[in-house]
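Quick notes on the structure that follows.
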Amino acid sequence: MKTRAALKKKANIALISQIEPKKVEEALNDSSWVQAMQEELDQFSKNQVWKLIPKPENVSVIGTKWVFRNKLNEDGKVIRNRARLVAQGYSQQEGVDYDETFALVARLESIRIILAHTSFKGFRLFQMDVKSAFLNGFIEEEVFVK
């Protein structure tokens, strides 16, 4: 776990790129983005997200792409490079490749209730940044990505 104080100490390290690449080729020429991409792939391995197999015949395969973003602190300074490997969901068809969609988000009312309750009880409330989040549920369908 990294605190904001620890990140502020590292903010002046030259391993942080100020420019967000638009293409993978651009990112591969910058060691800071290569490191961010490797961290994302390491999280996939750590969480056992996928199994590498040969492409089966007659299956729908979903493509992936890299998305690159700079993470900013309160002052608007770049403190970290983030690379995410995302599925190109537009290649799927509803009813064929999936039946329903769900995105877990916190409702504003829930956040207000937590803030009010912690204030009333005098609890200390901390904010944290999740480096990588994965769904805890299992899917029954087989999904193939490249």
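The values are calculated or read from the model by the stated rules, or taken from the named source; none is laboratory data. Quick caveat, the model's predicted, so the values are computed rather than measured. Heads up: the accessible areas ignore ligands, DNA and RNA and are worked out on the full protein's heavy atoms, side chains in. Shrake-Rupley method; radii C 1.70, N 1.55, O 1.52, S 1.80 Å.
Numerical summary
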item	result
Members of the range 16-45 that are outside any loop (DSSP other than H, G, I, E, B) and among the acidic types (Asp, Glu)	GLU25, GLU26, GLU39, GLU40, ASP42
Output for the range 132-146, where each listed residue is open to solvent by 70 Å² or more (accessible area, probe 1.4 Å) and modelled with pLDDT of 65 or more	PHE138, ILE139, GLU140, GLU141, GLU142, VAL143, VAL145, LYS146
